[in-house]
Amino acid sequence: MEVQEGRKGIPTLLSSQGECIASNITQLIGWTPLIELKNIAKKDGINARLIGKIEPYQPLSSVKDRSALRLIEDAEEKSLISPGITTLVTVTSGNLGIGVAFVAAQKGYKSIVVMPAKVAIDKQILLRYLGIEVILVDPALKGFKGLLDRVEQLKKEMENIYVVDQFTNPANPDAHFRWTGPEIWRDTEGKVDIFVTGSGSGGTLTGTGRFLKMKNPSVKLICVEPAESAVISGGEPAFHNIQGIGPGFVPETLDTSQIDEILTVTTQEAMDMARRLAREEGLLVGISSGANAAACLKVAAREENKGKMIVTMFSSGGERYLHSELFAQVKEECVKINMAF
């Protein structure tokens, strides 16, 4: 496949002559800035460069906007879906469903999301606000298989359904091979030494890692997963609260042969680091972003990584987790204060 050196997104728009007005919201999917975590590095005595890619700059605030666009474009290119006819069904913990929702709205597709109940209430709210039918499945019954069973039931009940499957469709990592990897390579001037990111569907890790290793085979690829459910490491699936990574199985889209190392991070470590990013760097990001940053600190603390550039993903914005444990303490404090009025 021909590698796309040109970036999509805002820089493409701004480089145009004349009016700088996007023709539709999907034109804004793509490039996001990198930021160096100098305050945290200084406070922790880190002698490596810690760099985060700010995916909350995507139109609907998560890295999954990229995957959603490419998964839908790929299906269109293969004539598998048609606007006004096909209903897109997405299995998601939230962010991919939101990405599919706004791309589908722009292109004229109906959309249904199947997701676990009792998790990510903020994402459920956003999906319904976007006009999406949300089908909840109790995760305590059959886990991820329960979601797939509900999708199979929908296939029997409805016509013209297309499943937007981030866990098996190569178009998911292809989005990151085409866009995320080239952006990181260009914006770091090829100086990236280590790429660290969590694995949910495996798309970001596989696609970005494949591109970076193609450009420089010595780039190390480190996979982050929840310590409570370290399945890629060979452990058993279990409940954890790092939304967006650690689905409890190894997805087909995850190319484990590329991974140089797997690091585990606890839910508590992830949340503590997400809060540090907010208070010390002014970065309002989600729980998986905290996990990625926590893993980066572990990597950066090693003597052999002194002076190296370590790049990670800040996958989604913090506002998406206002009703989660991440904000529980400050939420309780705010409620108590307001009760006095």
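The values are calculated or read from the model by the stated rules, or taken from the named source; none is laboratory data. For clarity, every value in this text was computed on a predicted model and none was experimentally measured. Note that we place each Cβ from the backbone using ideal geometry, even for glycine, and neighbour counts take in every protein chain shown. Heads up: the accessible areas ignore ligands, DNA and RNA and are worked out on the full protein's heavy atoms, side chains in. Shrake-Rupley method; radii C 1.70, N 1.55, O 1.52, S 1.80 Å.
For the reader, a short list of remarks on this structure follows.
- Filtering Asp149, Asp122 for residues that are assigned to a helix (DSSP H, G or I), touching an Asp or Glu at 6+ places or on another chain (Cβ under 9 Å) and over 19 Å from Ala75 (Cβ atoms) leaves a single hit, Asp122.
- Residue match in segment 285-297 (condition: open to solvent by 40 Å² or more (accessible area, probe 1.4 Å) and out of contact with any Pro (no Cβ under 6 Å at 6 or more places or on another chain)): no
- Scanning segment 184-214 for residues that are β-branched (Val, Ile, Thr) and assigned to a loop (DSSP other than H, G, I, E, B) turns up Thr188, Val192.
- Among the residues of segment 230-265, those identified as among the polar types (S, T, N, Q), under 24 Å from Glu304 (Cα atoms) and touching a residue at least 40 places away in the same chain (Cβ under 8 Å) are Gln258, Thr264.
- From Leu283, Leu263, Leu277, residue being assigned to a helix (DSSP H, G or I) and not charged (D, E, K, R): Leu277
- Test result for Arg210, surrounded by fewer than 17 Cβ atoms within 10 Å (Cβ to Cβ) and of a type in the set (Lys, Arg): no
- Residue match in segment 67-82 (condition: modelled with pLDDT of 95 or more, in contact with a Gly (Cβ under 7 Å, 6 or more places away or on another chain) and either within 21 Å of Gly190 (Cβ to Cβ) or not polar (S, T, N, Q) (or both)): yes
- For segment 304-315, a tally of residues being in contact with a helix residue (DSSP H, G or I) (Cβ under 6 Å, 6 or more places away or on another chain) and small (Gly, Ala, Ser) returns 1.
- Just one residue in the set Ala227, Ala301, Ala328 is open to solvent by 20 Å² or more (accessible area, probe 1.4 Å), small (Gly, Ala, Ser), out of contact with any helix residue (DSSP H, G or I) (no Cβ under 9 Å at 6 or more places or on another chain) and free of Cβ contacts under 8 Å to residues at least 60 places away in the same chain; that residue is Ala328.
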